[in-house]
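Reading through the structure tokens given below for one structure.
The values are calculated or read from the model by the stated rules, or taken from the named source; none is laboratory data. Because the structure is predicted, anything quoted here is derived from the model rather than measured. Backbone-built Cβ (ideal geometry, glycine too); neighbour counts: all protein chains shown.
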Amino acid sequence: AQKITQTQPGMFVQEKEAVTLDCTYDTSDQSYGLFWYKQPSSGEMIFLIYQGSYDEQNATEGRYSLNFQKARKSANLVISASQLGDSAMYFCASSISSGSARQLTFGSGTQLTVLP
Amino acid sequence: DAGVIQSPRHEVTEMGQEVTLRCKPISGHNSLFWYRQTMMRGLELLIYFNNNVPIDDSGMPEDRFSAKMPNASFSTLKIQPSEPRDSAVYFCASSQRGLYNSPLHFGNGTRLTVT
């Protein structure tokens, strides 16, 4: 079965430091998208960043960047200059074919805690 | 622009009762998704609509669950009869184009508790 793997259930980072959250995916599709979402304790799902499988450059959005290594099937999220407000659950997801539809499959998440 | 709007935010009901969750997608988005989130199973896709037509409902747990999208601006997820194991956060999400290259925009979710 196709799946998204996030191997870090929890991560800690010191405020103002950078942190990398790992994500690997398993697909035989040629065209797919990779997404990262943030879920703070309040519960909403916030879209952070997107990378297409054909994109040559790594995606960046402000302090967020996606380290995309296609051959390794990894799409790690890098957060630079961590802030206390970055403490949240982070989900990696991919648009992977599943039967007759393309669905967004989510990893199990990484709980990030930013320490003052 | 208004985001995806879900109602109610919280629902507490007794086992056996009917529950209806509502969703208004972002205007112009043609794909709509219902997800369920629990600690044990994470985020699960229940059903997905494209242009108001259900495309994949393989994630719907059983016949007690049904979803409709009568028009481009409204969808419902109904559970009848509800059971305690249905307790979860239910998210509705919409996207503008094919899922491959379009992010999902999520509503704030409905936290359902079935006692």
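Entry remark, the stretch A:1-19: residues being touching a strand residue (DSSP E or B) at 6+ places or on another chain (Cβ under 7 Å), surrounded by fewer than 14 Cβ atoms within 10 Å (Cβ to Cβ) and not small (Gly, Ala, Ser) number 4 in total.
Condition test on A:Asp55, is it within 14 Å of another protein chain (Cβ to nearest Cβ) and among the acidic types (Asp, Glu)? The answer is yes for A:Asp55. Residues in the stretch B:39-74 that are of a type in the set (Lys, Arg) and not in a strand (DSSP E or B) were compared, and the one that is surrounded by the fewest Cβ atoms within 10 Å (Cβ to Cβ) is B:Arg41.
Checking each residue in the stretch B:9-38 for being surrounded by fewer than 18 Cβ atoms within 10 Å (Cβ to Cβ), polar (S, T, N, Q), part of a strand (DSSP E or B) and within 14 Å of another protein chain (Cβ to nearest Cβ) picks out only B:Thr38. Here's a check for you: in the stretch B:87-115, which residue that is within 13 Å of the chain's Cα centre (by Cα) and more than 23 Å from A:Ser94 (Cα to Cα) is farthest from the other protein chains (Cβ to nearest Cβ)? Filtering the stretch B:87-115 for residues that are within 13 Å of the chain's Cα centre (by Cα) and more than 23 Å from A:Ser94 (Cα to Cα), the one farthest from the other protein chains (Cβ to nearest Cβ) comes out as B:Leu112. Meeting the requirement of 1 or more residues that are at pLDDT below 95 and over 14 Å from the mean Cα position of the chain (by Cα), the strands (runs of 3 or more DSSP E) wholly within the stretch A:8-100 are A:88-98.
Restrict the check to the stretch B:84-102 and report whether at least one residue is more than 17 Å from A:Met45 (Cβ to Cβ), charged (D, E, K, R) and surrounded by 15 or more Cβ atoms within 10 Å (Cβ to Cβ). Checking the stretch B:84-102: at least one residue is more than 17 Å from A:Met45 (Cβ to Cβ), charged (D, E, K, R) and surrounded by 15 or more Cβ atoms within 10 Å (Cβ to Cβ). Across the stretch A:35-86, the number of residues qualifying as without any contact (Cβ under 8 Å) to a residue 24 or more places away in the chain and among the polar types (S, T, N, Q) comes to 6. Among the conditions (1) at the interface with chain A (Cβ under 7 Å from one of its Cβ atoms); (2) closer than 15 Å to B:Pro8 by Cβ; (3) among the hydrophobic types (A, V, I, L, M, F, W, C); (4) buried (at least 23 other Cβ atoms within 10 Å of the Cβ), the only one that B:Leu77 does not satisfy is (1).
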